[in-house]
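Below: one structure, written as structure tokens.
The values are calculated or read from the model by the stated rules, or taken from the named source; none is laboratory data. Keep in mind that this is a model prediction, so the values were computed, not measured. Every residue, glycine as well, gets a Cβ built from its backbone with ideal geometry; the counts of neighbours run over all protein chains shown.
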Amino acid sequence: MTSVPGAPTEVLVIGGGFVGLNATRRLLRRSRPGELHLTVVDPRGYMTYHPFLPEAAAGSIEPRNVVVSLRRTLSGADVLTGDVVALDHAGRRARVRTADGAERDLTYDVVVVAPGSVARTLPVPGLAEHATGFKTVEEAVHLRGHVLAQLDRAEVSTDPARRARALTFVFVGGGYAGIEAIGEIEDMARYAVRLHPGLRAADLRFVLVEATGRLLPEVGEPLSRYAAQVLRARGVDVALGTTVTSCAGGRVVLSDGRAFEAGTIVWTAGVQAHPVLEATDLPLDDRRRLRVGTDLRVVGVEDAWGAGDCCAVPDVTAPGAFCAPNAQHAVRQARRLADNLLAGLRGRPTQEYRHAHVGSVASLGLHQGVAQVRGLRLRGYPAWLLHRLHHLSTVPTGSRKAGVLLGWVQAALFHREAVSPGASSHPFTEFERVARS
């Protein structure tokens, strides 16, 4: 500890996601006046509630209700918009690149490492040029506009090959993100087709590619089979035990030998720890995750804590295993981390992170879902409703809860929105054209 006696302990929180936001909120509430000075560094300045990204992409929820302002929510902490590019914990110093591109050093006494995860990609030819991820609200909004624009393009096309390409949508990854994304987007596209006289629902081609032999391993084999059956009944081509070997030029080649053109490729094949961890002097495991103990203290290091997707958090309920990188664990770990950090500063014993798994829920699109809660298996509408209620209860802040609920009510009472923000990827195109004329 390097703080001046009597001065607040300088706590640096790297990342404003589930862990960063919830841990900081708890520290602000439970610390004594003048005990801590908290600084949160995040590249966006807001927390994204990832479970609602599929509904934001489908238009059921306004994108602004999927994000939570760190400055408003963490009143009492300093929020710095930027990226931590290097961390010298031995010297208690972090190198930060701020939003204006400048770099500066921040000193601290205690660090909370929670930058989260990034998409796990593979060296697939054409992936960077023709695919999109699904981890940010910007990607969700872009995907919605892109899919609706593809329908517009297909309706006016006189070339059968171009038309088929525009109406082919490929989702890679059969976990929560991929299943919920394809479920919501397929629902939205099927509805939007009714507004295009030149198109039919049968013209749409949705393909879900999953490398393993099943979908949603978290919900158990029976519900996994049910999820695949529901999607197939809606016309989705579910390709299990299959990988994408190339998408060069927008031509998707699968490991089962099939090849076809696709106008939309969405990559949701897992996550990996944030690469900033490799620019630190903290211990990492063989998967480049931060090594933390059961109390969420970085192994063998003083004044460093970590939790969430970027960390290898031991699962004390299953010796030898680690906690899954999901929101349920991240929120609960954040609370334990904050309590242990304060306990450590006050000379009190810390407690291990122990979480009794409550269950898993997943949406398969409007009014369809699967859920496994305390041994009880639900499917269809009850599971979908439980999914919505669960996430409504856990999305941060009352204003966001109200916004989400109002969005659902509006979508239930009125028709779905099927408007494509045509130039969303290039918002200045029209102005540039006029300015140059």
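In the set (1) among the hydrophobic types (A, V, I, L, M, F, W, C); (2) within 21 Å of residue 398 (Cα to Cα); (3) in contact (Cβ under 8 Å) with a residue 60 or more places away in the chain, residue 134 fails one condition alone, (2).
Determine which single condition residue 87 fails, assuming it passes every other condition in (1) in contact with a helix residue (DSSP H, G or I) (Cβ under 8 Å, 6 or more places away or on another chain); (2) surrounded by fewer than 18 Cβ atoms within 10 Å (Cβ to Cβ); (3) farther than 23 Å from residue 327 by Cα. Only one criterion is unmet by residue 87, namely (2). The residues listed here are 77, 57, 86, 23; of these, the one that is in contact with a Phe, Trp or Tyr (Cβ under 9 Å, 6 or more places away or on another chain) and either within 24 Å of residue 341 (Cα to Cα) or among the basic types (Lys, Arg) (or both) is 23. In this structure, does residue 289 turn out to be among the charged types (D, E, K, R), surrounded by 15 or more Cβ atoms within 10 Å (Cβ to Cβ) and touching a residue at least 12 places away in the same chain (Cβ under 8 Å)? Yes: the conditions hold for residue 289. Restricting attention to the range 215-255, and to residues there that are in contact with a helix residue (DSSP H, G or I) (Cβ under 8 Å, 6 or more places away or on another chain) and not hydrophobic (A, V, I, L, M, F, W, C), which single residue is modelled with the lowest pLDDT? Ranking the candidates gives 218 first. Of the set (1) at pLDDT below 95; (2) over 15 Å from the mean Cα position of the chain (by Cα); (3) hydrophobic (A, V, I, L, M, F, W, C); (4) in a helix (DSSP H, G or I), all apply to residue 56 but (2). Restricting the search to helices (runs of 4 or more DSSP H) fully inside the range 69-188 and requiring at least 1 residues that are over 30 Å from residue 263 (Cβ atoms) gives 70-73. When residue 342 is tested against (1) at pLDDT below 95; (2) over 27 Å from residue 142 (Cα atoms); (3) crowded, with 16+ Cβ neighbours inside 10 Å, exactly one condition is not met: (1). Could you check the range 191-203 and list, in sequence order, the residues that are surrounded by fewer than 19 Cβ atoms within 10 Å (Cβ to Cβ) and in a helix (DSSP H, G or I)? 191, 201, 202, 203 - these are the residues of the range 191-203 that are surrounded by fewer than 19 Cβ atoms within 10 Å (Cβ to Cβ) and in a helix (DSSP H, G or I). Taking the range 339-365 as the range and being over 20 Å from residue 393 (Cβ atoms), touching a residue at least 40 places away in the same chain (Cβ under 8 Å) and of a type in the set (A, V, I, L, M, F, W, C) as the test, the residues that pass are 341, 342, 345, 364.
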